Amino acid sequence: AGDWFTLTLQYGRFVTISSAAQLTESTSSSAAYSLTVPDLPRLSLNYMKTETTTAGASSEVESYSVFSDYRYKWLNFRAGHFVSTTSAGGSAPFQYSSLLLGMGGSYEILPMTILSFDDDFNRSVSRSSGGVDTVSTTNTLRLGANSRPFEWLGFGGGFFRTENRFESGSTDQQSTDLSASVNPSRNLTLSASTGNRRFTDAGAQRSVDYASYGAAFSDRMTEKVLLGLNASRSYN
């Protein structure tokens, strides 16, 4: 390890003999490296390999990943790539890979009022032993706002949407919500929220409206006894 980097190497070998005198041998090795230089993108590299032999039949799993993110002012950018290969008994290997791109951040537009967002895109490819590729993509977006104009009053809102695309079809999910909380006293909190959830799967859409109300009370009865009471009710 150093001021800006960390390197980890591991190796292990395991031998197991069952009650039926069956021998299983397994070896694993991994390497991880992370680099964090001020004012530059962070970098993380990982590699792992595991080999297992049982009664003369062997299997192997090998994977590696690279990930990097960079923070510029109130924004965060990130990217990553993962690859895994699994083989057993001399058959054609199964391969999986994924690519991640994303960005997000939070910004205080007014005193005690913060806007935040996060957007992720993931593309994965699976290759079967027959050499056929299966591709899927997922995009997830989150938006949020929180404000506390007074110490006893708070507001919040959020939006969430994820889209999954497959060769055989697609599924979508979306939700919106609004919430408010009031503190009439130091020990009592009243809260309410409402929103909508929407699902789309195989061309069929389902929409659910919901609302919830709650109250929470907390007080220290003695130095070692804390009393808490919570009540909530939800409608769908």
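The values are calculated or read from the model by the stated rules, or taken from the named source; none is laboratory data. These numbers come from a predicted model, not from an experiment. Because the Cβ atoms are built from the backbone with ideal geometry, glycine has one as well, and the counts that use them run over all protein chains shown. When the accessible area is computed, the model is the full protein with side chains, heavy atoms only, and any ligands, DNA or RNA have been set aside. Shrake-Rupley method; radii C 1.70, N 1.55, O 1.52, S 1.80 Å.
Summary of computed values
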{"read-out": "Cross-chain or 6+ apart pairs with Cβ under 6 Å, segment 183-198 first and touching a residue at least 24 places away in the same chain (Cβ under 8 Å), then open to solvent by 50 Å² or more (accessible area, probe 1.4 Å) and part of a loop (DSSP other than H, G, I, E, B)", "value": "183/152"}
{"read-out": "Scope segment 110-134; condition more than 27 Å from the chain's Cα centre (by Cα) and assigned to a strand (DSSP E or B); matching residues", "value": "110"}
{"read-out": "Top-ranked residue in segment 130-142 [being surrounded by fewer than 16 Cβ atoms within 10 Å (Cβ to Cβ) and aliphatic (A, V, I, L, M); ranked as nearest to residue 91 (Cα to Cα)]", "value": "132"}
{"read-out": "Candidate set: segment 34-78, residues that are buried (at least 16 other Cβ atoms within 10 Å of the Cβ) and among the hydrophobic types (A, V, I, L, M, F, W, C); chosen: the one nearest to the chain's Cα centre (by Cα)", "value": "67"}
{"read-out": "In segment 192-203, residue modelled with the highest pLDDT [restricted to those that are among the small types (Gly, Ala, Ser) and open to solvent by 60 Å² or more (accessible area, probe 1.4 Å)]", "value": "203"}
{"read-out": "Cross-chain or 6+ apart pairs with Cβ under 7 Å, segment 208-232 first and over 14 Å from residue 193 (Cβ atoms), then open to solvent by less than 50 Å² (accessible area, probe 1.4 Å) and assigned to a loop (DSSP other than H, G, I, E, B)", "value": "217/187; 218/187; 219/187"}
{"read-out": "Top-ranked residue in segment 167-178 [being under 17 Å from residue 212 (Cα atoms) and open to solvent by 50 Å² or more (accessible area, probe 1.4 Å); ranked as farthest from the chain's Cα centre (by Cα)]", "value": "178"}
{"read-out": "Segment 211-221, subset open to solvent by less than 100 Å² (accessible area, probe 1.4 Å) and not hydroxyl-bearing (Ser, Thr, Tyr), residue nearest to residue 164 (Cα to Cα)", "value": "211"}
{"read-out": "Residues of segment 86-102 that turn out to be open to solvent by 40 Å² or more (accessible area, probe 1.4 Å) and either of a type in the set (D, E, K, R) or in a strand (DSSP E or B) (or both), as a count", "value": "8"}
{"read-out": "Contacts under 9 angstrom Cβ, first residue in segment 1-17 being farther than 30 Å from residue 54 by Cβ, partner open to solvent by 80 Å² or more (accessible area, probe 1.4 Å) and assigned to a strand (DSSP E or B), 6 or more apart", "value": "1/7"}
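Residues checked against (1) within 30 Å of residue 77 (Cβ to Cβ); (2) open to solvent by less than 60 Å² (accessible area, probe 1.4 Å):
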{"residue": "157", "(1), (2)": "yes, yes"}
{"residue": "165", "(1), (2)": "yes, no"}
{"residue": "185", "(1), (2)": "no, yes"}
{"residue": "206", "(1), (2)": "no, no"}
{"residue": "209", "(1), (2)": "no, no"}
{"residue": "223", "(1), (2)": "no, no"}
{"residue": "236", "(1), (2)": "no, no"}
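Conditions (1) touching a helix residue (DSSP H, G or I) at 6+ places or on another chain (Cβ under 8 Å); (2) under 24 Å from residue 80 (Cβ atoms); (3) surrounded by fewer than 16 Cβ atoms within 10 Å (Cβ to Cβ), marked per residue:
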position: 105; (1), (2), (3): no, yes, yes
position: 119; (1), (2), (3): no, yes, yes
position: 128; (1), (2), (3): no, yes, yes
position: 144; (1), (2), (3): no, yes, no
position: 153; (1), (2), (3): no, no, yes
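The rows are residues; the columns are (1) touching a residue at least 40 places away in the same chain (Cβ under 8 Å); (2) closer than 29 Å to residue 161 by Cα; (3) small (Gly, Ala, Ser).
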position	(1), (2), (3)
25	no, no, no
42	no, yes, no
45	no, no, no
66	no, yes, no
72	no, yes, no
77	no, yes, no
92	no, no, yes
97	no, yes, yes
114	no, yes, no
